[in-house]
Amino acid sequence: GAGRELYAAQPVFARAFDEVAAALEPHLDHPVREILHAEPGSERAALLDRTGHTQPALFAFQTALVRLFEHWGVRPALLLGHSVGELTAAHIAGALTLPDAAALVAARGRLMEQLPGGGAMVAVEATEEEVLPLLDAYAGGLCVAAVNGPRAVVLSGDAEAVRDARDHWTRAGRRTKELRVSHAFHSARMDPMLDAFRA
């Protein structure tokens, strides 16, 4: 997709991507570069859908994209991010060295992938204030995973709870979209990996 096109067209992006990929390589069973350049539809390309590889690939893509913007003279005054983007921002800001960021991103992806599958996520056209009062009914089985805009949230948790919430907001005339994910990221279903992640 976009990563392959940028890699082919922008030498600065390609160099930055290769640098991050090299830092990630000791922590992965398949190099990010091999997955990026894999034939679409191949078994190797399908690894990108496994979060243990998705997260490192996103980190490499995001970091290389920032380096390309910097090459063009765009320098951020502030940095922030969500999920893997938070770790990318910490690295770009200098709070994490590349080796430390690579180890952290790879460990995070690997530990999340090792959790039991299941759960679901749904994007909802609603405010955070609208959805929060409804979460109590699910006793921790449903969480706000992201606030993407004033009227755009992502809910995550047990599959039944997510689908119930999706149906509720669809009936209310709001747009919803169930996300294609292997796990219910940014929900309580991630808690079992926290101790290992801290270690």
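The table below gives the values:
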{"quantity": "Among (1) surrounded by 16 or more Cβ atoms within 10 Å (Cβ to Cβ); (2) more than 23 Å from Ala145 (Cβ to Cβ); (3) free of Cβ contacts under 8 Å to residues at least 24 places away in the same chain, the one test that Leu104 misses", "calculated": "(2)"}
{"quantity": "Residue among Ala159, Ala139, Ala126, Ala172 that is over 22 Å from Glu86 (Cβ atoms), in contact with a Phe, Trp or Tyr (Cβ under 9 Å, 6 or more places away or on another chain) and not polar (S, T, N, Q)", "calculated": "Ala126"}
{"quantity": "Pairs with Cβ under 9 Å, 6+ apart, first in segment 143-160 and in contact (Cβ under 8 Å) with a residue 60 or more places away in the chain, second surrounded by fewer than 17 Cβ atoms within 10 Å (Cβ to Cβ) and part of a strand (DSSP E or B)", "calculated": "Ala146/Ala152"}
{"quantity": "From the options Ala60, Ala64, Ala45, Ala21, residue that is open to solvent by less than 50 Å² (accessible area, probe 1.4 Å), at pLDDT below 80 and assigned to a helix (DSSP H, G or I)", "calculated": "Ala45"}
{"quantity": "Residue check, Glu125 modelled with pLDDT under 95, open to solvent by less than 60 Å² (accessible area, probe 1.4 Å) and among the acidic types (Asp, Glu)", "calculated": "no"}
{"quantity": "Residue that is nearest to Gly109 (Cα to Cα), among those in segment 161-184 that are in contact (Cβ under 8 Å) with a residue 40 or more places away in the chain and open to solvent by less than 30 Å² (accessible area, probe 1.4 Å)", "calculated": "His183"}
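The values are calculated or read from the model by the stated rules, or taken from the named source; none is laboratory data. In this text, all values refer to a predicted model and were calculated from it rather than measured experimentally. All Cβ positions, glycine included, derive from the backbone under ideal geometry; neighbour counts span all protein chains shown. Please note that ligands, DNA and RNA were not included when accessible areas were found on the heavy atoms of the full protein model with its side chains. Shrake-Rupley method; radii C 1.70, N 1.55, O 1.52, S 1.80 Å.
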